[in-house]
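Where a number appears in this text, it was derived from the coordinates with a stated rule and is not lab data. Computed from a predicted structure; not experimentally measured. Every residue, glycine as well, gets a Cβ built from its backbone with ideal geometry; the counts of neighbours run over all protein chains shown.
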Amino acid sequence: MEDIQGRVTRQGIRIYDPADFEGMRKAGRAAAEILDTVAPHVVPGTTTAAIDAFIEDEIRRMGVTSATIGYKGYQHASCISINHVVCHGIPGPKVIKDGDIMNIDVTVIVDGWFGDSSRMYVAGTPSRKAERLIEVTHDSLMIGIAAVKPGNTFGDIGHAIQTFVEAQRMSVVRDFCGHGLGRVFHAPPNVLHYGRPGTKEVLEEGMIFTIEPMVNLGRPETKVLADDWTAVTRDKSLSAQFEHSVGVTADGCEIFTLSPAGRFHPTKA
Ligand code: MF3
Ligand code: CO
Ligand code: CO
């Protein structure tokens with residue numbers, strides 16, 4: 001289907017053009033810059049509400065818009081998911097302790113384009129197993145991204161992530177996935193972080209989506225708490241996540257949410 005809005009595949013996946021990629025570059029960079037500036041604020045003794053307030057100020061200062069405030073009733077500029085929280089942790093009065101690990105997820109809108117990214121942060125000194133979890137989760141995202149090129153399938157991405165994670169005796173969360181995005185926050189397809197090679201939709205140049213694997217030290221099952229947002233591991237094991245927004249290019253992909261300061265990975269320089 002060809003019209004002024006551009007092409008959409010039979011599976012409902014929008015194909016974007018080079019001008020659209022420029023829009024995503026700006027939105028992705030804004031999200032990455034915010035995540036860069038958060039790092040010094042993640043210290044023992046502070047609260048997740050204080051970190052979120054800093055992020056909200058930063059978003060305002062940059063003149064961009066939070067995509068999460070008001071999204072399905074969510075009221076915060078970030079999700080902050082500590083230790084056994086898998087995703088969608090709600091900022092609040094919880095005091096951060098030495099050794100806590102947390103994912104901070106920020107989505108901003110710049111000129112109508114959505115930049116969605118998350119990273120892990122550590123307060124003080126993490127345990128060795130927490131550090132290893134973070135390492136494996138980060139590597140799993142980059143391994144998934146390495147499978148992004150025209151002709152590969154979404155199943156190839158999921159398979160690459162799952163195979164790597166399970167070889168490290170960790171597990172991939174099944175209950176949450178990545179998503180198409182662009183001028184909307186969540187669009188087709190669902191980007192699963194597990195799967196079989198050659199299955200699901202074929203990647204085409206111009207597709208834009210997130211990859212955001214959640215990896216647990218224990219079993220993959222999750223449950224959502226009574227607040228209807230916070231997802232935790234059922235077995236209370238530690239969980240980690242990293243997220244990039246990417247666009248498929250002629251021979252691979254472009255990562256829109258790379259850290260300008262090279263700070264994407266928390267435990268490596
Ligand atoms: N940024 C999350 C994602 O990666 C979505 C957060 S929605 C919220 O898709 F409402 F919880 F903020
Ligand atoms: Co996302
Ligand atoms: Co996100």
Highest GNM mean-square fluctuation, the chain, Cα pairs closer than 10 Å: which of LYS129, LYS72, LYS200?
LYS72
Along principal axes, Cα extents of the chain, largest first, whole Å:
54, 43, 38
Calculated on alpha-carbon atoms, Rg and Dmax of region 113-167 in Å:
13.8, 43
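Please get the size of the charge dipole for the chain, origin at its Cα centre, with Cβ charges of +1 on Lys and Arg and -1 on Asp and Glu, quoted in debye to the nearest 20.
Taking the Cα centre of the chain as origin, the dipole is about 700 debye.
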So how much slack lies between VAL202 and ALA53, counting 0.36 nm per residue of separation and subtracting their Cα-Cα distance, in nm?
49.6 nm
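Quick check on the exposure proxy: order ILE157, ILE15 from fewest to most C-beta atoms within 10 angstrom.
Working: ILE157 28, ILE15 16.
Going from sparsest to densest Cβ surroundings: ILE15, ILE157.
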Estimated D of region 45-89 in µm² per second, where Rh is the Kirkwood radius over Cα pairs and Stokes-Einstein applies at 4 °C, 1.567 mPa s
115 µm²/s
Order of THR230, THR48 - criterion: other Cβ atoms within 10 Å of each residue's Cβ, fewest first
THR230, THR48
Around GLN168, with a cut-off of 10 angstrom between Cβ atoms, what is the net charge of the other residues, counting Lys and Arg +1 and Asp and Glu -1?
-1
Given a Förster distance of 30 Å, the FRET efficiency implied by the Cβ-Cβ spacing of ALA261 and ALA146, rounded to the nearest 0.05, works out to 0.85
Between GLU221 and ARG61, what length comes free when the chain is fully extended (0.36 nm per residue of separation minus the Cα-Cα distance, one decimal in nm)?
53.7 nm
Percent relative contact order of region 75-168, based on C-alpha pairs within less than 8 angstrom and at least six residues apart?
19 percent
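Add -39500 (n - 2.57) for each DSSP H run of 4 or more in the chain, then divide by its residues: what number comes out at 222 nm, to the nearest 500 deg cm²/dmol?
Result for the chain, helices only: -8500 deg cm²/dmol.
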Note: region 9-97 at 4 °C, 1.567 mPa s; Kirkwood Rh on alpha carbon pairs; Stokes-Einstein D in µm²/s works out to 87 µm²/s
Scoring the chain by relative contact order with C-alpha pairs under 8 Å, at least six apart, yields a percentage of 23 percent
Angle between the chain longest axis and helix 18-38 axis [Cα atoms, degrees, rounded to 10]:
10 degrees
Over 5 Å intervals from 0, what percent of Cα-Cα pairs in region 150-218 sits in each interval?
4, 19, 26, 25, 15, 8, 3, 0
Can you give me the convex hull volume of the Cα atoms of region 168-269, divided per residue and expressed in Å³?
158 Å³
Environment charge of GLY252, counting only residues whose C-beta is closer than 11 Å and scoring Lys/Arg +1, Asp/Glu -1:
-2
Positive-end residue of GLY124, ALA53, PRO189, charge dipole of region 2-255 with Cβ unit charges
GLY124
Per residue of region 167-178, in order, report the coupling 6.51 cos²θ - 1.76 cosθ + 1.60 (Karplus, θ = phi - 60°) as ³J(HN,Hα) in whole Hz, putting x for Gly and Pro.
5, 8, 6, 10, 10, 9, 5, 9, 7, 9, 9, x
